[in-house]
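The values are calculated or read from the model by the stated rules, or taken from the named source; none is laboratory data. Small disclaimer: the values here were computed from a predicted structure and weren't measured. Here the Cβ is made from the backbone with ideal geometry for all residues, glycine too, and neighbour counts use every protein chain on show. All accessible areas refer to the heavy atoms of the entire protein, side chains included, with ligands and DNA or RNA removed. Shrake-Rupley method; radii C 1.70, N 1.55, O 1.52, S 1.80 Å.
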Amino acid sequence: MTALLERPARTVPTIVFGPNWFAGVMGTGILATAAVSLPVRVPGLHAVATFAWALAAALLVVLVVAALRHATTYADDPVMAQFWGAPPMALMTVGAGTLLIGRDWLGEPAAVAVDLVLWTVGTVLGLVVAVAVPYRMMTRHRVGPDAAFGGWLMPVVSPMVSAAGGALLVPHVSARAELLLACYAMFGISLFAAVLVIGQLWGRLVLHQAGPARMVPTLWIVLGPLGQSVTAAHLLGRASEGVLAEPYATGAQLAAVLYGVPALGFALFWAALAAAITVRTARAGLPFSLTWWSFTFPVGTVATGTSGLALRTGSAMLAGLAVMLYACLLAAWAVVAVRTLRGVRRGDLLKPAPPAIGSAQARVEE
C-alpha cells in the first residue's frame, strides 16, 4: 500500500493549441472557393469544391471547440500572436464557401444568413486583431532587426478577406452602398499595412537572409494580401454595378483590371523568389510544421484573383494560369493535409515548438 501511495502520479501531456491551427481551415476553404471561381469548367471539380467546403466547415467547428478548451491569448509571444489573424479569416472563408457552394444544399436564404453571421463575426474580430497585434508589437514586444517574417502579415490580411467576402454579400443586403464603401475602406486598411510589412520583410531577407528553416514557408504568406487584393478588386468592381453612381461604378470596373494585373505581376514575382528560397532550404532540410499551410491559402488567393482577371479580360493566358495555380493549390493541400494528419496522430504537432526566430524576437518587455 505504501508503495502505491508513493508511486508518482501519471502526468497527462499538455495539449498545445494555438490560433495557427485555423490556417488549416483557411487552406481547405480556399480549395472550395477557388474551384468555383475558375473561368473554365472541369468535370468533377464541383464535387471537390463541395467536399472541401464541408470539410472546412467541420474543421472550423472542431477548432472553435478546441480553442474554447485549450487556447491561450499568446499575447506575450511575438510569433504566435501574429496568427490571431487566422481565426477571423477561417470564419469568413467558410462563410464565403457557404454562400457560393452551400446554397445548393441549404438554400439561398439560409446560406446568406450563415455567411452574414460568419462574415460579421470574422470582420469584427479581424479588425480588432489588425489593431491589437501591431499595437502590442509597438508598445510591449521587443524584437530584433532580424525579427520580421511572413506571419507579420496575418493580422493585416484579415480586412482584405472582409473586403472580398463583403462584396459577395452586397447584393443580399439592404444597405448595399454602405457595405460596399466599408469594404473599400477595409481594402485600404489591409493594402497599405501589407505594403509596410512587405517592405520590412524584404529588408530582413536582404540583410539577414531566410532565417530558420521551419519559418521559410511563411514567406508564401506575402501572396495572401496580394492575391486577395486582386480578388477583392474584382468582386468589389462587380458589386459596384447599380450601387455606385457614375462615373464611380465604371471606375471600379477599370480599377479591377488596372490594379489587378500589376498586383498579379508582383505576386508572381514574389512566388518565384519564395519558391527559390523554399527549394534551397528544402535541400538542406525543411521540417514539417503548421507553417506549411502557408503553401495553400495564399496560393489560393492568387488563383481566385487570376480567375477574376481572366473572366474580365477574356484572356486565355490568364485562364490557363488560373487552372495551373489551382492545380498547384490542390497538390499542396493534399501534401500538407496528409502531413498534418500524420503529425496529429503521432502527437508531434501538439507539443510546444522551439523558438522560431532568434532570441531578439522572443524577448518581451517586463
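Can you pull the three principal axis extents for the Cα set of the chain, in Å, largest first?
Over the chain, Cα extents along the principal axes are 83, 49, 39 Å.
Does anyone have the angle between helix 108-139 and the longest principal axis of the chain? Alpha-carbon axes, 0 to 90°, nearest 10?
60
Over the chain, what is the relative contact order in whole percent, taking alpha-carbon pairs under 8 Å and six or more residues apart? Intermediate values should be presented prior to the final figure.
On the way: 575 pairs, mean separation 80.8, N = 366.
That works out to 22 percent.
Quick one: divide the alpha-carbon radius of gyration of the stretch 49-153 by 2.2 N^0.38 Å and tell me what you get.
The stretch 49-153 yields a ratio of 1.26.
Output the 0 to 90 degree angle, nearest 10, between the alpha-carbon long axis of helix 176-208 and the longest principal axis computed from the alpha carbons of the chain.
50
How big is the accessible area of GLU178 in square angstrom, nearest 10, if you roll a 1.4 angstrom probe over the protein chains?
Number for this one is 120 Å².
Specify the angular offset, from 0 to 90 degrees and rounded to the nearest 10, of the alpha carbon long axis of helix 316-346 from the longest principal axis of the alpha carbons in the chain.
That works out to roughly 20 degrees.
Most mobile of ALA90, ALA52, ALA334 per a Gaussian network model of the chain (Cα springs, under 10 Å)?
Evaluated over the chain, the most mobile residue of the options is ALA334.
Note down the magnitude of the dipole of the chain about its Cα centre, charges +1 on Lys and Arg C-beta and -1 on Asp and Glu C-beta and zero elsewhere, to the nearest 20 debye.
Working: 21 positive and 13 negative charges, 203 e Å.
Magnitude of the dipole: close to 980 debye.
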